[in-house]
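Heads up, the thing below is written out as structure tokens.
Please treat every number below as a calculation from the coordinates, not as lab data. Everything numeric here is computed off the predicted structure, so don't read it as measured data. We place every Cβ from the backbone using ideal geometry, glycine too, and count neighbours over all the protein chains shown.
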Amino acid sequence: MATVLITGGTGLVGKALTRALVQRGYSCIILSRSPRNGTNGIHYATWNPEAGIIDQQALQQADYIVHLAGAGVADKRWSAARKKEILDSRVKSGELLTTSLRQWPHQVKAVITASAIGWYGADPVIPNPHPFTEDRPADTAFLGDTCRQWEASTSGITEMSIRRVVLRIGIVLSREGGALKEFLKPLRFGVAAVLGNGKQMVSWIHRDDLVQMITDSLENEKWNGIYNAVAPQPVSNKSLTLALAKAGKGFYIPMPVPAFILKLMMGEMSIEVLKSATVSAGKMLQTGYRFLYPDIDSALLAETAQER
């Protein structure tokens, strides 16, 4: 079976993707700064994008590359140093992959690379009758510009006649981490925290759907170019919070968290938390992809059922 080289393979999405690929018979090589001994179809190889280091043999063994690497956007407050780390971790790693593919012989058929819906700005009105589509220009704010440079770092791959798929990923829902884990914390104390006025639209994706999209894009040569990796039914922050509380079937009190409190706690990052972005899944649906979790209720029920 084919070999998939994965960056960011130890992250929230990468771990689930690796498990899914191995179950399908793929061999996976995970690039890491601290490689370890592999087992059961999973191997590790060295790379360090900041130093321009990548295991040449691992690259030459790969039939496909899945590029998920990048420092967590919401893990820390956005200081100038942290913003540089967020940007560099994406751009330098993308540039290293592109340069290496250009310099060394290989058999790579396709590269699947992550991006994010941070590419888009805020909805001009809520509700937005014209959800953001893939042809919209990048926003000029920090995340928009980061996504622009992130995607540009691998754009040269297409010049090598390698199929390139870019997935602009929405808020990933999984009980194992990310945004959903943070939403669940206050619910354990009976509080459903509604952020700001709660009207801002959240374009989300269940992790299982994202993993399946990546797998489909590896196996189906018709996938090419940029796709919004979001569910077809975005929801308001308030609706998401209340749906999560309902799925948990526990007692809760809705409690608004005012915007000024979020700004004090999170600084510049609060702009993104409070931003409404209605992103279209139309192009994804046109591929024939059938969502495992097309609506928020089914997605949250699946995750909270595993919590209990």
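Of all residues in the stretch 211-243, exactly one satisfies the criterion of being in contact with a Gly (Cβ under 7 Å, 6 or more places away or on another chain) and among the charged types (D, E, K, R), namely LYS238.
Restricting the stretch 167-205 to residues that are within 16 Å of ASP123 (Cα to Cα) and not aliphatic (A, V, I, L, M), the residue that is nearest to the chain's Cα centre (by Cα) is GLY170.
Here is a list: LEU143, LEU167. Which entry is under 17 Å from TRP204 (Cβ atoms), in contact with a helix residue (DSSP H, G or I) (Cβ under 9 Å, 6 or more places away or on another chain) and not in a helix (DSSP H, G or I)? Step by step, each of LEU143, LEU167 is checked, and only LEU167 is under 17 Å from TRP204 (Cβ atoms), in contact with a helix residue (DSSP H, G or I) (Cβ under 9 Å, 6 or more places away or on another chain) and not in a helix (DSSP H, G or I).
Please specify each residue of the stretch 277-308 satisfying the condition of being among the basic types (Lys, Arg), surrounded by fewer than 14 Cβ atoms within 10 Å (Cβ to Cβ) and farther than 21 Å from ALA243 by Cα. So that I can check it myself, show each step before the final result.
First, pick out the residues of the stretch 277-308 that are among the basic types (Lys, Arg): 283, 290, 308.
If we keep only those that are surrounded by fewer than 14 Cβ atoms within 10 Å (Cβ to Cβ) too, we end up with 290, 308.
Scanning the stretch 277-308 gives a single hit, ARG290.
Of the residues screened, VAL172 is one that is among the aliphatic types (A, V, I, L, M) and either assigned to a strand (DSSP E or B) or in contact with a Lys or Arg (Cβ under 7 Å, 6 or more places away or on another chain) (or both).
Out of the helices (runs of 4 or more DSSP H) lying entirely within the stretch 1-118, which hold 3 or more residues that are out of contact with any Phe, Trp or Tyr (no Cβ under 9 Å at 6 or more places or on another chain) and within 29 Å of ALA179 (Cβ to Cβ)?
On the way: elements: 12-23, 56-61, 80-103.
In the stretch 1-118, 12-23, 80-103 are the helices (runs of 4 or more DSSP H) which contain 3 or more residues that are out of contact with any Phe, Trp or Tyr (no Cβ under 9 Å at 6 or more places or on another chain) and within 29 Å of ALA179 (Cβ to Cβ).
In the stretch 147-175, the residues that are free of Cβ contacts under 8 Å to residues at least 40 places away in the same chain reach residues that are of a type in the set (Phe, Trp, Tyr) and assigned to a helix (DSSP H, G or I) with C-beta atoms within less than 8 angstrom, at least six apart or across chains, in these pairs: CYS147/TRP119; ARG148/TRP119. When ILE65 is tested against the conditions (1) over 24 Å from MET213 (Cβ atoms); (2) crowded, with 19+ Cβ neighbours inside 10 Å, the lone failure is (1).
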